[in-house]
1. Once segment 31-85 is represented by equal point scatterers at the alpha-carbon sites, with solvent omitted, what log10 I(q)/I(0) does the Debye formula produce at q = 0.21, 0.22, 0.23 Å⁻¹?
2. Counting other Cβ atoms within 10 Å, which chymotrypsin sites (Phe, Trp or Tyr not before Pro) in segment 9-50 have at most 13 and lie in a DSSP loop?
3. Report the longest stretch of the chain that contains none of the trypsin sites (Lys or Arg not before Pro) sitting in a DSSP loop with at most 12 other Cβ atoms within 10 Å.
4. Tell me, what is the percent relative contact order of the chain, built from C-alpha pairs under 8 Å that lie six or more residues apart?
5. Can you give the angle from 0 to 90° between the axis of helix 65-84 and the longest principal axis of the chain, with both taken from C-alpha atoms, to the nearest 10?
Amino acid sequence: MYLKQNRIEHSWRAVVVYPNRKVESERIVGYEVLLNSHHYTRVYLDELEPETLELGIVKLVIEPEKSAMASAQRLIEQAKVSVEE
């Protein structure tokens, strides 16, 4: 009903960020067309290389507690260097 009453002026995209593939639900019955369309993109943080400061910060979300502090400190140093440049 909404689509009949409202004109869609722009295409849309959804990006879902997962820490890893294990947490993604395998039960997608009824949603296959949507989830397999070009409108939907999955990003797995554990498969990305921390090439940028921004991505490194996002990856802290899935960093194990034991190594999170060291990773955060590396990112702080990286941020300091980038500010100096």
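1. The computed values of log10 I(q)/I(0) come out as -0.79, -0.83, -0.87.
2. Numbers: sites: Trp12, Tyr31, Tyr40, Tyr44; in loops: Trp12, Tyr31.
Taking segment 9-50 and a limit of 13 other Cβ atoms within 10 Å, the loop chymotrypsin sites (Phe, Trp or Tyr not before Pro) found are Trp12, Tyr31.
3. Values: sites that count: Arg7, Arg13, Arg27.
Answer - 28-85.
4. On the way: 52 pairs, mean separation 22.4, N = 85.
The value is 26 percent.
5. Result, in degrees: 80.
FYI, it's all coordinate maths here, none of it is from the lab. Only a predicted model underlies this, so the values are computations on that prediction, with no experimental measurement involved. Neighbour counts run over all protein chains shown; Cβ positions are idealised from the backbone, glycine included.
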